[in-house]
Amino acid sequence: MCGIVGYVGQRPASPSSRPVDVALQGLARLEYRGYDSAGVAVLDGSEVRVAKAKGKLKNLRGVLEGQDVPTSAVAIGHTRWATHGAPTDENAHPHLGGKDDELALVHNGIIENFAALRASLEADGYTFRSETDSEAAAHLVAREMQRTGDLTLALRAAAVQLEGAFTLLAIHRDQPDRVVAARRNSPLVVGLGEGENYLGSDVAAFVDNTREALEIGQDQVVTVTADDVAVTDFEGTEVTEKKQYTIAWDVAAAQKGGYDSFMAKEIHEQATAVADTLRGRIESGALHLDEMSIDESVLRSIDKIIVVACGTAANAGNVAKYAIEHWCRIPTEVELAHEFRYRDPIVTEKTLVVAISQSGETMDTLMAMRHAQEQGAKVVAICNTYGSTIPREADAALYLHVGPEIAVASTKAYLGQITACYLLGLYLAQVRGNLFPDEIAALMEDLEQLPAHVQTVLDGAGAVEELAQSMKDTTSVLFLGRHVGYPTALEGALKLKEIAYIHAEGFAAGELKHGPIALVDEGQPVFVIVPSPRGRDSLHSKVVSNIQEVRARGARTLVIAEEGDEDVLPYSDVVLRVPATRTLFAPLLTVIPLQIFSCALAAAKGLDVDQPRNLAKSVTVE
Ligand code: AGP
């Protein structure tokens with residue numbers, strides 16, 4: 001939700017290495033965070049120069065083409081996901097601040113008290129040109145600069161007057177050697193170079209140039225020049241314990257690598273993704289989660305687990321519920337994070353909250369997790385983005401290690417999240433003694449087979465792509481599943497909605513007869529996720545009955561079933577096969593044809609697979 005970049009340095013003059021080009025390069029990497037508008041600002045002697053354009057970054061590049069952009073030492077840039085004010089040129093960032101346009105500022109987040117600030121600034125003679133909350137911050141910093149004469153002091157003074165969530169980056173004509181930034185509840189990292197430094201909403205902003213990064217903590221201000229990075233809190237106390245780290249992936253991970261879209265690439269990275277999440281965590285059949293910094297005695301005392309997450313991450317949580325309850329016998333609830341704190345949830349010191357978030361910045365999840373911590377609960381974060389807010393604030397963090405996920409539609413992170421949830425569930429079972437060591441070893445052995453099985457499903461992508469191509473005029477698709485097939489059905493429907501803009505709904509297969517079956521008409525495509533026939537109980541036969549029910553009403557049945565499952569054949573129009581595995585592990589396989597289907601169908605419709613309309617990768621507002 002909004003991408004922010006900053007650069008300070010003097011590169012040898014070359015047409016493609018001006019600070020503005022470095023900023024544009026960073027914006028290209030961050031465009032997945034929002035693409036309603038883009039803009040950059042640089043200094044030109046005593047003038048602040050801003051260029052901005054609504055729509056995608058290519059529009060801004062068009063505006064800049066042929067322009068003689070000055071080679072100042074600093075540049076800031078922004079790619080927007082609109083909150084306050086429509087996606088227009090005027091509302092695009094950077095915003096100029098001050099009575100003489102002496103400052104430029106970019107903002108990610110929401111300033112809740114902007115109306116009061118705007119009234120006070122207008123009364124002081126500051127002129128507003130946009131409908132955004134962010135412009136109030138620009139003028140506020142400019143007013144504080146007038147008073148203090150120093151951009152760092154001005155940012156600090158402004159930050160304490162702002163309510164809400166913000167990362168702010170500002171440049172000022174009177175201090176042309178620096179970019180100053182402040183953050184609260186919104187992400188910011190610094191990239192460390194040789195004689196040049198970078199700022200970004202995430203490390204993708206500068207990974208082309210450096211892999212050395214510095215975390216910026218909550219309520220901190222950072223002053224970046226070409227040779228120095230100084231961090232203080234909002235009161236001005238120097239932060240001496242800075243967390244520097246080396247980014248674990250390189251720029252190739254942030255490139256399409258021959259695929260038509262990042263989503264296609266990320267789908268095809270999923271065998272590696274599952275292997276990477278498992279790597280180093282299993283030794284001689286036992287689980288070693290070094291990051292699990294919650295005392296084992298606490299884990300033994302918990303009597304309830306609540307998973308908080310949104311969207312795809314919540315679907316991963318729904319898979320986790322089945323596994324954790326089965327292995328650990330701990331009651332496990334899954335709650336959409338944005339609903340959690342409004343229902344007065346029962347949370348005690350014996351509750352373990354699991355916050356699942358690819359980005360680690362989802363504000364709904366962060367707020368739910370903070371609410372739980374206030375009630376005394378311990379929080380484990382399952383996250384992909386190193387150093388982001390959710391794992392930083394959690395009591396323990398399990399990282400996915402699946403590399404950057406750039407497509408807005410989550411795929412490889414979903415498989416990583418489910419895998420990490422299995423690890424967490426088995427770890428709890430190990431610590432609490434719910435399973436015998438040999439049972440855990442057998443489960444782990446099977447789990448380690450999953451990357452190869454994932455690859456087998458990916459190798460069959462061609463058939464799914466042909467199916468999608470043949471269905472590009474479809475207007476509605478239903479998805480059915482039972483048990484762990486249910487979250488898979490929800491995830492299949494979510495993928496299709498978000499990137500192909502097709503009406504899609506996922507149902508628990510048993511629920512269909514209680515109402516939704518009325519939707520089924522002649523030719524209605526229905527995906528059915530069939531559990532293994534080798535599983536326990538009557539789960540398999542019940543799902544086969546559900547296929548017959550919809551088929552009897554004219555549905556076109558698209559069935560995802562285990563290799564060798566002959567029972568589905570009489571009732572299936574199309575069968576897509578997945579390798580045999582344990583029922584609880586099947587979600588890592590059955591979702592893959594659904595991901596491929598959505599990706600191929602969106603591409604067949606000529607849509608932007610990676611940047612679907614109205615969405616942003618990281619949702620940093622509530
Ligand atoms: C997934 O395809 C979505 N774009 C979305 O539902 C996402 O999973 C959700 O916003 C949660 O994001 P997070 O994992 O970064 O917290």
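Points worth noting:
- Approximate spin-label separation D521-E112, in nm, with each point projected 7 Å along Cα-to-Cβ: 4.6
- Seen through its C-alpha gyration tensor, with square-root eigenvalues sorted a ≥ b ≥ c, the stretch 223-275 comes out prolate because a/c lies at 1.5 or above while a/b is bigger than b/c.
- Under 21 Å from the Cα of K52 - lysines, other chains or at least 8 residues apart: K99
- Counting only residues at least eight positions apart within a chain, or on another chain, the lysines with an alpha carbon under 19 Å from that of K54 are K617.
- About the centre of its Cα atoms, the chain shows a dipole size close to 900 debye [charges on the beta carbon of Lys, Arg (+1) and Asp, Glu (-1) only; nearest 20 debye].
- Highest mean packing first, where packing is the average number of other Cβ atoms within 10 Å per residue, the peptides 516-522, 69-75 line up as 69-75, 516-522.
- Rounded, prolate or oblate (a/c below 1.5 giving rounded, otherwise prolate when a/b exceeds b/c) for the stretch 151-203 by Cα gyration tensor: oblate
- Normalised contact order of the chain, rounded percent, pairs of Cα under 8 Å and 6 or more residues apart: 12
- Added length on full extension, which subtracts the Cα-Cα distance from 0.36 nm per residue, E194 to E622: 150.3 nm
- Zone of Q449's modelled label, taken as backbone nitrogen in the stretch 550-569 under 13 Å from a point 7 Å along Cα→Cβ: 563
- When peptides 565-576, 305-316 are sorted by average Cβ neighbour count within 10 Å, with the highest value leading, the order is 305-316, 565-576.
- Normalising the average separation of contacting C-alpha pairs (under 8 angstrom, six or more residues apart) by the number of residues puts the relative contact order of the stretch 345-481 at 15 percent.
- Rounded to the nearest 20 debye, dipole of the stretch 238-330 from Cβ charges on Lys, Arg, Asp, Glu: 260
- Shape call, the chain: gyration tensor on alpha carbons, a/c limit 1.5: prolate
- Computed magnitude of the charge dipole of the stretch 124-233 (debye, nearest 20; Cβ of K, R +1, Cβ of D, E -1): 280
- Restraint check, K256/K321; K321/K412; K56/K242; K56/K605; K58/K243, Cα-Cα greater than 25 Å: K256/K321; K56/K242; K58/K243
- Shown here for the stretch 1-106: GluC sites (Glu not before Pro) in loop regions (DSSP other than H, G, I, E, B) with at most 11 other Cβ atoms within 10 Å, namely E65.
- Helix-only CD estimate at 222 nm, as mean residue ellipticity for the chain, using -39500 (n - 2.57) per DSSP H run (n ≥ 4): -10500 deg cm²/dmol
- For peptides 221-233, 150-162, 179-191, sequence by mean Cβ density within 10 Å, most packed first: 179-191, 150-162, 221-233
- Taking the C-alpha atoms only, the angle from helix 539-552 to the longest principal axis of the chain is near 90 degrees.
- Cα-based reach from K542 at 17 Å (exclusive), listing aspartates and glutamates while leaving out same-chain residues under 8 positions away: E511, E562, D565, E566, D567
Here, each number is a calculation from the coordinates, and none is a lab measurement. Since the structure is predicted, the reported quantities are computational estimates derived from the model, not experimental observations. In this analysis, Cβ positions are derived from the backbone assuming ideal geometry, glycine residues included, and neighbour counts consider all displayed protein chains.
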